[in-house]
Each structure stands twice: as C-alpha cells, then as structure tokens.
Amino acid sequence: MSVCYDIDMEEINKVFDWSKFIMPGAIVLAGVMISAAVIYSNGGLGGSANIGGGAAVAPQAASADDDAYLGDKDAPVVMIEFSDYQCPFCRSFWRDTLPLIKSEYINKGKIKFVYRDFPLDSIHPGAKQAAEASECAREQDKFWEMHDKIFSEQDKQGGGTAQFGASDLKKWANDLGLNTSKFNSCLDSGKYAEEVAKDLSNGQAAGITGTPGFFINGKLVVGAQPFSAFKSIIDKELGSSK
C-alpha cells in the first residue's frame, strides 16, 4: 500500500492482551488488527478514501489556501497534495511521479499544483518541523528548493523512513544559500506551527487520512499512484474544462 497511515499501536496494545495467544496466532491477529485500523482510519469500507486508487468525492472541499504552488494560478485543473516530509511514499511520489506531472501538465499551464502539509507526528517526528522549515524558506522565496532538498537528502539514505532533525534542516538551508540567521530564528520560534496545523485540519475535514493524498479539481486520490493513474483523471478534467 503506497500510503503512510498514522496507526497508534500503543492504543491497540491497551485494549488487547497479546499474552493469551501463541506467537503464530498473534502475528496473524496483529495483521488483521492493523488492516482493520487502516480501514477505520478511512471512514470504514464505505468511506470516501479509495485505497485502491482512483477518485472519490471528498466529504468537504479542500482549499488551496495561500500555500505554495507550481504552475499557472489560473490553470483549468487544480491539484492539491497533502504530504508528510518524512513519509517514504510522499518521497517516491516526489521522485518518480511529480517530474512527469510537471513536464506534461504543470509546465504547460494546465495544472496549478499546490503543496499542503499533513505531518503524521506519532510515526514521523521530523515531519512537522520539516513542514515549518519549508515555510521559513518560503520567506526567502525558496520554498520549492527546500521542499526538494528535504526529500532528496532523505533519498540518499535509501528506502524507508529516513531520520533527520532541526540541525539537518538548518544545514540544508545553509546548503541552499538561505540567510541562515533568519531561517534558524524562524524555525526555532515555531513561527509557522499554526500554518502547518491549519493545513492538517483542512486535510482531515476534506477526508485525508494518510499521505500522500491528493485532490484533482476536488476529486480525492489516495496514495503514491503511478503516473498513469493521475494522467487518466487529469485528462478527464481537462476534457471537461474545454
């Protein structure tokens, strides 16, 4: 499954006594419970999130807000990504799929691509501060440079969830040539904590439960789907906009 979900195993452990089961049974049951938790986090089997990909109507409209974007602000298709900087699936979308969407649609004025934050704090402790760091970089007109730097530096560590902290973010800002005094002060103060929290809240209200999650002209797409899955939906939206 190409989605990061915030599943709290501590809460599961509180309500379940694992000692009653021998190891093989416990392993099977753990898998079942995790699967159930994922289904629950998506609002049940009948929820709006589509685990297998494709599109579904979100329960509430997701706003582009005033967040950073790529492309023409008046493009016929608005694609909003809710992302977690420490989620490996968000990183794979950035690495494998976003470049294709850029060349095929964003750079041709067909898509306005908006990035919004959805940090999963309990499993990705670096994600929230990374989100704030990108906003601090935006003050110096280097949001997308910082966005790319955060993902690319993790990619150097290989697959899976990479670990990083404030000192890494400050080093990367320095690598990008930002005014580090201003950047470090911004990051240390938590200046953009509320902005990140606003993104998270809006994403939750719109039906996002894991990352990455996307809205393409209001239609919800879940997970780091292959380019072909996004292309199918985008082309339909472009066709309907003519």
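The values are calculated or read from the model by the stated rules, or taken from the named source; none is laboratory data. Nothing here was measured: the structure is a model prediction, and the numbers come from that model. All Cβ positions, glycine included, derive from the backbone under ideal geometry; neighbour counts span all protein chains shown.
Summary table below
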item: Residues located in region 85-112, provided they are among the aromatic types (Phe, Trp, Tyr) and touching an Asp or Glu at 6+ places or on another chain (Cβ under 7 Å); result: none
item: Among (1) over 21 Å from Ser2 (Cβ atoms); (2) under 21 Å from the mean Cα position of the chain (by Cα); (3) of a type in the set (S, T, N, Q), the one test that Asn184 misses; result: (2)
item: Qualifying position, being at pLDDT 95 or above, surrounded by 17 or more Cβ atoms within 10 Å (Cβ to Cβ) and among the acidic types (Asp, Glu), among Asp67, Asp96, Asp72; result: Asp67
item: Enumerated helices (runs of 4 or more DSSP H) restricted to region 99-187, each holding at least 1 residues that are within 16 Å of Ala68 (Cα to Cα); result: 127-138, 143-155
item: Matching residues in region 107-165 - criterion: being of a type in the set (A, V, I, L, M, F, W, C) and touching a Gly at 6+ places or on another chain (Cβ under 6 Å); result: Ile111, Phe113, Phe118, Phe164
item: Residue match in region 214-223 (condition: assigned to a helix (DSSP H, G or I) and either touching a Pro at 6+ places or on another chain (Cβ under 6 Å) or at pLDDT 95 or above (or both)); result: no
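Results for (1) surrounded by fewer than 22 Cβ atoms within 10 Å (Cβ to Cβ); (2) under 22 Å from the mean Cα position of the chain (by Cα); (3) not hydrophobic (A, V, I, L, M, F, W, C), shown as yes or no for each residue.
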{"residue": "Ala166", "(1), (2), (3)": "yes, yes, no"}
{"residue": "Gly177", "(1), (2), (3)": "yes, no, yes"}
{"residue": "Leu200", "(1), (2), (3)": "yes, yes, no"}
{"residue": "Gln204", "(1), (2), (3)": "yes, yes, yes"}
{"residue": "Pro226", "(1), (2), (3)": "yes, yes, yes"}
